[in-house]
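Below is one structure, written out as structure tokens; the observations come after it.
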Amino acid sequence: MAWRISVSEPNTDSRVVELKKGKTTIGRNTENDIVLHDIAASRFHAEITFDESKNLVSITDLNSTNGTYLNRQRVNGQSTIRSDDSIRIGQAIIHVFDETKTEVHSQKLKGTTRFTRELLLESLDEHAVLLYEISKRLNTITDLQAAMSEVRDMMKRTLSIDNCLVIHHKEFPNLASILPNTAALNAVQNQSVEVTATNMIVPVVGGDETLGLMYFSKTRPGTRPFSRRDLQLAIAISHQVALTIQRMELIEKLREQQYAQELLRRFVPPDEAEYLIADYLRTGKLPGLRQAKVSILFSDMAGSTALAEQVGSNAFAEILNRYYQEATGIIFKHGGTVRYLGDGIMAIFEDRQHHNLGPALAEQRAVSAGAEILRKISAIDFGNNLNIVIGVAVHTGQAMVGYIGSNERMEFNALGDTVNVAFRMQELARPNRLVVGPATMAAIVNQYQTRRIGAVTLKGREKPIQAYEILQNLEDTQPS
């Protein structure tokens with residue numbers, strides 16, 4: 001006959017010792033046979049008595065301050081211990097078992113056990129004290145990998161195992177290479193616990209989803225098989241892992257949402273940002289490049305290098321910042337998307353319904369924005385009798401538009417000949433003029449007074465293009 005004691009404390013490796021004949025003392029003092037590290041334990045807290053002739057084990061509380069609990073009942077006087085009973089002293093859990101009976105019980109444990117709500121509740125109830133400490137520690141961690149590492153360390157300490165893996169559900173496509181056996185696949189597909197004498201696989205279940213797997217193995221010779229108590233402990237901790245994964249994924253989702261919001265609101269109008277954020281949360285990515293008809297607006301500051309030299313870097317930075325702020329607000333108001341280009345701005349307008357703008361065409365909104373930018377900037381007093389000269393050009397056509405970049409940096413962009421033409425047309429727009437291409441002109445012909453510039457040849461382009469200057473909005477000329 002061999003009785004053993006398994007001692008588990010939150011910050012100490014689990015240890016299993018053979019129960020000696022006679023008395024075994026337990027407490028915080030180092031003179032005890034079993035020394036506990038929990039401050040809730042008294043110096044000499046309790047003693048276990050083993051009567052080998054009768055194969056009887058009992059426990060006596062030694063008038064401890066915080067009490068000794070046998071199967072959740074406070075011990076008064078001497079209480080008999082049966083195999084697989086649990087003793088709690090503070091946060092220390094002491095499991096007492098008859099080795100011969102446990103081996104028989106372990107044989108029955110092998111195979112598949114369905115992960116059910118009832119099994120989970122039973123497991124949580126059995127290990128409430130240890131779970132309190134585990135949850136307290138996991139709740140302070142905000143990184144998933146760090147949390148999984150903490151779980152692995154805790155499981156090695158509490159279960160006296162040699163190996164522990166915590167596999168996230170994103171790794172399931174590679175599960176066969178991580179755990180090359182059918183038991184792992186069964187655990188995922190059937191939400192079942194798979195146990196052998198030396199291996200145990202426990203699904204991490206959150207709601208109806210399998211969020212991960214926990215794999216435990218014992219490789220040292222003579223190690224006792226996994227018991228029912230081990231299974232309960234693993235399931236109870238798997239529940240904490242599920243809660244941790246759900247919390248981490250929610251945090252990551254919020255981080256991604258915040259990142260998307262910060263990114264988008266710098267470059268797109270608010271209603272467009274809300275639309276894109278909703279799409280991003282649904283798909284997990286921003287729209288990639290696609291071909292679309294767009295109106296491209298370029299606005300830059302003429303002679304910026306000389307101006308910076310004239311006023312100094314600090315004053316020029318303030319001028320440029322004011323220019324960016326005013327132009328960006330106007331572009332957003334008209335439903336455009338912004339890119340900053342040194343001393344200039346590129347705005348992209350698409351034919352998309354905007355809540356505050358109605359069905360106005362992109363060409364009309366781009367020209368309205370350009371005209372307003374000219375009026376606004378020319379009316380600003382930048383001080384020191386400075387004459388800030390800008391030019392605005394708008395060209396309409398097909399382009400590749402969408403978000404490009406990496407996970408760390410994404411930006412909305414437009415690529416193609418339409419963009420190049422609009423950029424080169426700025427040369428015709430100074431000082432303080434608004435120049436448009438033929439497709440843009442066709443869409444706004446009855447709304448503005450215009451002047452035909454004629455066919456112009458742009459740098460880097462063989463074919464000439466018809467250019468027009470916008471003079472005044474026709475509504476401004478109507479009699480009151």
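Given the stretch 287-381, what helices (runs of 4 or more DSSP H) lie entirely inside it while holding 1 or more residues that are modelled with pLDDT under 90 and aromatic (F, W, Y)?
Answer list for the stretch 287-381: 313-333.
Restricting attention to the stretch 118-133, which residues are modelled with pLDDT of 75 or more and either under 28 Å from the mean Cα position of the chain (by Cα) or in a strand (DSSP E or B) (or both)? Within the stretch 118-133, L120 is the sole residue that qualifies.
The numbered conditions (1) under 48 Å from the mean Cα position of the chain (by Cα); (2) at pLDDT 90 or above are all true for T25 except (1).
Here is the figure for the stretch 213-245: residues that are aromatic (F, W, Y) and open to solvent by 10 Å² or more (accessible area, probe 1.4 Å) total 1. Residues of the stretch 78-99 that are open to solvent by 20 Å² or more (accessible area, probe 1.4 Å) and out of contact with any strand residue (DSSP E or B) (no Cβ under 7 Å at 6 or more places or on another chain): R82 alone.
Taking Q145 as the residue in question, decide whether it is open to solvent by 70 Å² or more (accessible area, probe 1.4 Å) and more than 20 Å from the chain's Cα centre (by Cα). Walk me through it before giving the result.
Values: open to solvent by 70 Å² or more (accessible area, probe 1.4 Å): yes; more than 20 Å from the chain's Cα centre (by Cα): no.
Here the answer is no, as Q145 does not meet what is asked.
For the stretch 155-207, a residue qualifies if it is under 20 Å from L243 (Cβ atoms), exposed (fewer than 14 other Cβ atoms within 10 Å of the Cβ) and at pLDDT below 85, and exactly one does: G207.
A residue that is of a type outside the set (G, A, S), loosely packed, with under 15 Cβ neighbours inside 10 Å and at pLDDT 80 or above can be found somewhere in the stretch 104-112. Within the stretch 153-173, being part of a helix (DSSP H, G or I) and farther than 25 Å from R4 by Cα holds for H169, K170, E171, F172, P173. Has the stretch 440-447 got any residue that is modelled with pLDDT of 90 or more and surrounded by fewer than 17 Cβ atoms within 10 Å (Cβ to Cβ)? Checked against the condition, which is being modelled with pLDDT of 90 or more and surrounded by fewer than 17 Cβ atoms within 10 Å (Cβ to Cβ), the stretch 440-447 yields at least one hit.
Pairing each residue of the stretch 240-253 that is of a type in the set (K, R) with any residue that is in a helix (DSSP H, G or I), provided the two are 6+ apart or on different chains, yields C-beta distances under 9 Å for R247/L138; R247/A147; K253/L281. Scanning the stretch 421-454 for residues that are assigned to a loop (DSSP other than H, G, I, E, B) and polar (S, T, N, Q) returns N432, N446, Q447.
Checking each residue in the stretch 135-162 for being touching a residue at least 60 places away in the same chain (Cβ under 8 Å) and among the small types (G, A, S) picks out S135, A147, S160.
Could we say that F382 is within 30 Å of A306 (Cβ to Cβ), aromatic (F, W, Y) and surrounded by fewer than 19 Cβ atoms within 10 Å (Cβ to Cβ) here? Walk me through it before giving the result.
Values: within 30 Å of A306 (Cβ to Cβ): yes; aromatic (F, W, Y): yes; surrounded by fewer than 19 Cβ atoms within 10 Å (Cβ to Cβ): yes.
When the stated conditions are applied, F382 passes them.
State which residue is farthest from Y340 (Cα to Cα) when the search covers only the stretch 404-425 and only residues that are open to solvent by less than 20 Å² (accessible area, probe 1.4 Å) and modelled with pLDDT under 90. Full working, then the answer.
Restricting attention to the stretch 404-425, the residues satisfying the condition of being open to solvent by less than 20 Å² (accessible area, probe 1.4 Å) are 412-414, 418-419, 421-422, 425.
Next cut, modelled with pLDDT under 90 only: 412-414.
Values: F412: 11, N413: 11, A414: 13 Å.
Looking at residues that are open to solvent by less than 20 Å² (accessible area, probe 1.4 Å) and modelled with pLDDT under 90, I get A414.
Within the span defined as the stretch 439-455, every residue fails to be closer than 29 Å to G402 by Cα and of a type in the set (K, R).
Residues in the stretch 39-50: is at least one open to solvent by 10 Å² or more (accessible area, probe 1.4 Å) and free of Cβ contacts under 8 Å to residues at least 12 places away in the same chain? No; the residues of the stretch 39-50 include none that is open to solvent by 10 Å² or more (accessible area, probe 1.4 Å) and free of Cβ contacts under 8 Å to residues at least 12 places away in the same chain.
Restricting attention to the stretch 11-27, the residues being surrounded by fewer than 20 Cβ atoms within 10 Å (Cβ to Cβ) and under 30 Å from E150 (Cβ atoms) number 7.
Remark: pairs (first residue in the stretch 410-428, under 13 Å from F349 (Cα atoms); second residue surrounded by fewer than 22 Cβ atoms within 10 Å (Cβ to Cβ) and small (G, A, S); Cβ separation under 8 Å; 6+ apart in sequence or on different chains) = F412/G402; N413/G402; T418/G397. Residues that are in a strand (DSSP E or B) and of a type outside the set (D, E, K, R) were ranked within the stretch 455-470; the one that is surrounded by the fewest Cβ atoms within 10 Å (Cβ to Cβ) is A455.
The values are calculated or read from the model by the stated rules, or taken from the named source; none is laboratory data. Everything quoted here is computed from the prediction, not taken from an experiment. Positions of Cβ are backbone-derived with ideal geometry, glycine not excepted, and every protein chain shown enters the neighbour counts. Just so you know, the surface numbers come from the protein's heavy atoms only, side chains and all, with ligands and any DNA or RNA stripped out. Shrake-Rupley method; radii C 1.70, N 1.55, O 1.52, S 1.80 Å.
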